[in-house]
Amino acid sequence: MLNNEISGVLIVNKHGGVTSHDIVYKIRRLYSTRRVGHTGTLDPMATGVLVVLVGRAAKAAEYLVSDRKGYRALMRLGITTDTEDTSGTVLTESADIPDSETVERVCESFCGKYAQVPPMYSALKVGGKKLCDLARSGVTVERQAREVEIFSLDVSATDAPDTYALDVLCSSGTYIRTLCADIGEKLGCGAAMAALERTEAGGFSIDRAFSIAELEAMSEEQRCEILIPTEALFSSLEEVRLPDFYERLCRNGCEIYQKKIGTKYELGQQVRICGKDGFFALGEVRDYPDGLAIKAIKFL
């Protein structure tokens with residue numbers, strides 16, 4: 001049996017037709033713990049990277065710092081649906097498909113920041129109710145546009161003249177099916193997402209992911225060995241290694257003044273706090289009467 005101390009990050013290659021919660025349920029069973037969470041929900045039709053947090057690592061979810069996600073999608077032109085993907089009810093159809101140069105030019109125009117209206121078929125809540133539940137009951141509500149950022153968008157033709165592959169690197173919170181719908185609206189022919197694979201999330205790429213079938217075929221020991229240390233979630237943060245005395249103070253909830261340990265990080269900056277046994281807490285620089293100090297905000 002696995003002990004209660006098991007902790008780490010598991011990169012799952014989610015298969016289609018299941019929810020992100022279905023994946024969490026399977027991981028709970030495989031790792032014999034209920035302390036399992038995930039970051040960045042994937043729709044049932046979507047596949048690819050799902051970052052799963054096992055054991056104590058689940059406490060880190062709210063503090064994740066990576067804001068970039070990568071996707072590979074298929075965009076079908078000449079159609080709009082109520083869900084903005086091809087699984088939904090068709091609303092409009094058009095045979096007037098623009099040429100590839102026009103499609104590429106319009107796709108490129110979405111690079112950068114733009115205001116995106118979240119789709120009705122999403123897990124966002126309005127008045128305590130999920131938009132998708134409202135949508136299924138026939139209710140449509142006004143949604144506020146949110147600023148998202150498309151860092152890069154590469155488009156390539158497929159064998160089907162009305163279908164294009166999109167490789168997207170974007171900010172967290174971007175809906176790719178809405179991006180497809182917005183592109184289709186700008187083209188004048190409409191568009192819907194036909195397939196979606198998340199290729200990168202939380203700084204982890206698809207080549208580090210394991211399918212549920214692969215995990216089920218492993219021994220208990222092998223499944224433990226592939227867990228990535230929780231610290232990897234915060235690899236972009238500066239490391240502060242505390243001497244024994246200050247480590248004890250920090251673990252007891254005390255702020256550690258930077259002038260005492262020789263650091264000069266800026267107010268509000270987050271850091272990885274390490275002691276003699278390695279990483280143990282996420283810290284933040286805060287202002288105190290005697291100056292700037294590092295305070296542990298989450299012990300991991």
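The values are calculated or read from the model by the stated rules, or taken from the named source; none is laboratory data. These figures come from a predicted structure and were not determined experimentally. Positions of Cβ are backbone-derived with ideal geometry, glycine not excepted, and every protein chain shown enters the neighbour counts. SASA here: full protein model, heavy atoms, side chains in, ligands and nucleic acids out. Shrake-Rupley method; radii C 1.70, N 1.55, O 1.52, S 1.80 Å.
With THR41, THR47 as the choices, which residue is of a type in the set (Val, Ile, Thr) and open to solvent by 60 Å² or more (accessible area, probe 1.4 Å)?
Details: THR47 fails: open to solvent by 60 Å² or more (accessible area, probe 1.4 Å).
Testing whether each residue is of a type in the set (Val, Ile, Thr) and open to solvent by 60 Å² or more (accessible area, probe 1.4 Å) leaves just THR41.
Collect the residues in segment 28-64 that are among the hydrophobic types (A, V, I, L, M, F, W, C) and either under 13 Å from LEU233 (Cβ atoms) or free of Cβ contacts under 8 Å to residues at least 40 places away in the same chain (or both), keeping them in residue-number order.
VAL36, VAL51, VAL52, LEU53, VAL54, ALA57, ALA58, ALA60, ALA61, LEU64
If I go through segment 285-300 residue by residue, how many of them are touching a residue at least 60 places away in the same chain (Cβ under 8 Å) and either crowded, with 19+ Cβ neighbours inside 10 Å or touching a Lys or Arg at 6+ places or on another chain (Cβ under 6 Å) (or both)?
Summing the residues that are touching a residue at least 60 places away in the same chain (Cβ under 8 Å) and either crowded, with 19+ Cβ neighbours inside 10 Å or touching a Lys or Arg at 6+ places or on another chain (Cβ under 6 Å) (or both) in segment 285-300 gives 1.
With the checklist (1) surrounded by fewer than 16 Cβ atoms within 10 Å (Cβ to Cβ); (2) within 30 Å of LYS26 (Cα to Cα) in hand, flag the one item LYS276 doesn't pass.
(2) is the only condition that LYS276 fails.
Only one of (1) surrounded by fewer than 19 Cβ atoms within 10 Å (Cβ to Cβ); (2) in contact (Cβ under 8 Å) with a residue 12 or more places away in the chain fails for LEU282. Which number is that?
(1)
Tell me, please, whether a residue that is open to solvent by 30 Å² or more (accessible area, probe 1.4 Å), at pLDDT 95 or above, under 25 Å from VAL54 (Cα atoms) and assigned to a helix (DSSP H, G or I) can be found in segment 240-256.
Yes, because at least one residue in segment 240-256 is open to solvent by 30 Å² or more (accessible area, probe 1.4 Å), at pLDDT 95 or above, under 25 Å from VAL54 (Cα atoms) and assigned to a helix (DSSP H, G or I).
Do you know which residues across segment 3-32 are of a type in the set (S, T, N, Q), touching a strand residue (DSSP E or B) at 6+ places or on another chain (Cβ under 7 Å) and at pLDDT below 95?
Going through segment 3-32, the residues of a type in the set (S, T, N, Q) turn out to be 3-4, 7, 13, 19-20, 32.
Keeping just the survivors that are touching a strand residue (DSSP E or B) at 6+ places or on another chain (Cβ under 7 Å) gives 7, 13, 20.
The answer is SER7, SER20.
Looking at ALA73, ALA57, can you tell me which residue is touching a strand residue (DSSP E or B) at 6+ places or on another chain (Cβ under 9 Å), crowded, with 21+ Cβ neighbours inside 10 Å and modelled with pLDDT under 90?
Numbers: ALA73 fails: modelled with pLDDT under 90.
Just one listed residue meets the conditions, ALA57.
Would you mind listing the strands (runs of 3 or more DSSP E) fully within segment 146-233 where at least 1 residues are over 21 Å from LYS69 (Cβ atoms)? Please lay out each step first, then the result.
Details: elements: 146-157, 163-171, 191-201.
Of the strands (runs of 3 or more DSSP E) lying wholly inside segment 146-233, those with at least 1 residues that are over 21 Å from LYS69 (Cβ atoms) span 146-157, 163-171.
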